[in-house]
1. Counting Lys and Arg as +1 and Asp and Glu as -1, each charge on the Cβ, what is the dipole of region 98-215 about the Cα centre in debye, to the nearest 20?
2. Output the relative contact order of region 98-215, whole-number percent, from Cα pairs under 8 angstrom with separation of 6+ residues.
3. Whole Å is fine, so just give me how far the alpha carbon centre of region 175-210 lies from that of region 72-142.
4. In what sequence do I91, I105, I183 fall when counting other Cβ within 10 Å, fewest first?
5. How long is the gain from F90 to T187 if the chain were fully straight, where each residue apart is worth 0.36 nm and the alpha carbon distance is subtracted?
6. For T104 and A82, calculate 0.36 nm times their separation in residues minus their Cα-Cα distance, and state this gained length in nm to one decimal.
7. For D136 and A122, calculate 0.36 nm times their separation in residues minus their Cα-Cα distance, and state this gained length in nm to one decimal.
8. Using the beta-carbon distance between Q214 and A69 and R0 = 35 Å, what value does 1/(1 + (r/R0)^6) give for FRET efficiency, to the nearest 0.05?
Amino acid sequence: MPASRKMRGRADSGPTPGPASSPNPAPVDESPKEETPVESRPHTEGKRAKVPPARRKKQHGTAYRWFSAYLPVLGGLFVLLAALWVYTGFINPPPPTPAQQWTTIENKWSPPREKARADAAASTLDFAAQKAAYQDFYNQTKGWVDAVTAATNVWASPSPAADDVSSFESDGQGLLTVLQRAIDAPTAYAVAGMAGQINDLDGSFTEDVVNVGQDLAIANSSPSAPPLAIPSVNETPTPVPSATAGPSSSPGSSASPVASPSASPTVSPVPSPTAS
C-alpha cells in the first residue's frame, strides 16, 4: 500500500492514543474526595483579636468624655440636694403634723405626771409630804396643758382632734383649779373633801388623752393608765371622851324612874289617960 494511503487511513481512524495509554489501564477512583478546608479561621480570629482592643479603647474614650462632661452637673446636683436637706432639716424645718406634735408633748409630760400622781396617792399619812406631791402633780399637769394650748394652730378645725383637744384643755383647767385649792387647803380634812372631785376630773383628763390619740391615729398608741385613786391625808382625829352615862340612861334600863318604897310614918303611942 502506498504511504499516502497509510497516512490517510490513520488520519481517518481518529487520534492516535498517547504514550500514557496502556492496553490495561488502571481503574479510576471515582469516589468523592474530601476537600481540604481552607484554614481561614485562624486568620479571621487573629483579625477579631486585633479589632476589639481598638473598639474598647474607643468606647472607653467615649465614656470618659461623657463622664467628664457631666461630672460637674452631677456634682452641682449633689451640692444642691445637700443644701436643701440642711435648710429643710435644720434652718427652716417644715411644721410638724398634729400627730407628731401631740406625741412629742405627751412623751415629755406624761411620765413625770404619772409619777407625781402616784406620789400623791402614796403620801397618806404625812400631810406636808402629800401637799408637796399635790404641788408636783399640779406642775406637771399645768405644763402639759400649757404646751397643748401653745400649739393652738396645730389643732385648727380641719384637724380631726380639734374637739377632743378643746375638751382636754377645758378638763385640764378644771383639774388645775381643784388641785390649787387642795394645795392651799389648811387642814387634811379640807383635802379629804376634794379627793372625789380630783378623781373625777383626773379621769376625764385621762379619757381626753386617749381620745386625742385615737383621733390622730398615732401608731402604737396605747391608752393611758386608769386614774389612780388619790386619797386625802388620813388624819385620825383625837377621840373626845364622852360623859359616862349612869345605868339608868343605858338602853337596857328603863327610862322612867322607879319609885322606891318609902318608909311608913311611925305612929307614936298616945298615952292613955291615967286614972286619977
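Every number in this text was worked out from the coordinates using simple rules, so none of it is lab data. Everything quoted here is computed from the prediction, not taken from an experiment. Because the Cβ atoms are built from the backbone with ideal geometry, glycine has one as well, and the counts that use them run over all protein chains shown.
1. It works out to roughly 380 debye.
2. Reported relative contact order: 26 percent.
3. So the two Cα centres are separated by 25 Å.
4. So the residues, fewest neighbours to most, are I91, I183, I105.
5. Net length gain for the segment: 29.7 nm.
6. Contour length minus Cα-Cα distance gives 5.2 nm.
7. 3.7 nm
8. For Q214 and A69, the calculated efficiency is 0.05.
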